[in-house]
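The values are calculated or read from the model by the stated rules, or taken from the named source; none is laboratory data. What you see is a predicted model; the values in this text were computed from it and never measured. Neighbour counts run over all protein chains shown; Cβ positions are idealised from the backbone, glycine included. These accessible areas exclude ligands, DNA and RNA; they are computed on the full protein's heavy atoms, side chains included. Shrake-Rupley method; radii C 1.70, N 1.55, O 1.52, S 1.80 Å.
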Amino acid sequence: MKKAILLVSHSQKITDGIKEMIEQMAQSDSLQIFSLGGTSDGELGSDPMKIIDVINEADSIEKFFVFADLGSAVLSAELAFDMLEEAQQEKYVLVDAPLVEGAFAAGITASVSDDVEHILLEAKNTSGKGWK
């Protein structure tokens with residue numbers, strides 16, 4: 001199964017860095033990572049159309065795992081979902097997990113597994129730092 005992780009943030013630099021981290025560890029032909037930080041004109045902010053464009057162009061992807069950081073990035077990810085056709089919505093998973101840790105864990109897991117529930121569980125289990 002071909003999968004994608006969509007990284008949505010107010011900053012392109014943030015999503016570029018996370019993409020680079022995941023790609024170094026999760027080398028797989030079945031996984032694509034998309035850095036969708038910032039606006040379409042390179043400013044700080046978020047843009048639901050960047051998400052829509054990726055989904056419209058990635059016909060071979062069977063599941064999109066979407067990670068976002070702050071308020072309006074989350075709203076952009078939700079708005080993008082609402083703008084998709086029903087068949088595309090079925091492939092779109094908004095993941096309630098930290099952007100960095102969650103996307104990283106999901107990327108590693110998705111590179112070796114097609115089990116959607118397992119990928120989501122690994123992403124969601126990253127919310128605690130484990131510091132005692």
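Building the convex hull from the alpha-carbon atoms of the range 1-42 and averaging its projection over directions returns 2.9 nm².
If you count, for each residue, the other Cβ atoms within 10 Å and average over each peptide, how do 30-39, 113-122 line up from highest to lowest?
On the way: 30-39: 20.9, 113-122: 15.7.
Averaged packing, sorted descending, gives the order 30-39, 113-122.
Could you tally the net charge around LEU79, taking each other residue with its Cβ under 15 Å from the Cβ of LEU79, Lys/Arg +1 and Asp/Glu -1? Before the final figure, lay out the partial values.
Values: positive: LYS50; negative: ASP47, ASP53, GLU78, ASP82, GLU85.
Surrounding charge for LEU79 is -4.
Only lysine pairs 8 or more places apart or on separate chains count here, and in the chain those with Cα atoms under 26 Å apart total 28.
Using only the Cα atoms of the range 27-84, build the gyration tensor, take square roots of its eigenvalues as a ≥ b ≥ c, and label the shape rounded, prolate or oblate: rounded if a/c is under 1.5, else prolate if a/b is larger than b/c, else oblate. Display every interim value, and only then the final one.
Numbers: a/c = 1.79, a/b = 1.54, b/c = 1.16.
Cα axes put the range 27-84 in the prolate bin.
Counting each DSSP H run of 4 or more residues in the chain as -39500 (n - 2.57), what helix-only mean residue ellipticity at 222 nm follows after dividing by all residues, to the nearest 500 deg cm²/dmol? All intermediate terms of the calculation are to be shown ahead of the outcome.
On the way: 6 runs with 62 residues, N = 132.
Helices in the chain give a 222 nm mean residue ellipticity of -14000 deg cm²/dmol.
Placing R0 at 35 angstrom, the Cβ-Cβ distance between GLU57 and GLU117 gives a FRET efficiency of 0.80 after rounding to 0.05.
Using only alpha carbons, the range 15-132 has a radius of gyration to Kirkwood radius ratio (Rg to Rh) of 0.95. Here the contact order of the range 15-96, divided by its residue count and restricted to Cα pairs under 8 Å and six or more residues apart, works out to 25 percent.
For the chain, the solvent-accessible area with a 1.4 angstrom probe is 54 square angstrom per residue.
Quick check: at a probe of 1.4 Å, how many percent of the accessible area of the range 1-131 sits on carbon and sulfur atoms?
Values: 3550 of 6890 Å².
That fraction is 51 percent.
Peptides 3-11, 100-108, 86-94, 17-25 ordered by packing proxy, namely the average of other Cβ atoms within 10 Å per residue, highest first: 3-11, 100-108, 17-25, 86-94.
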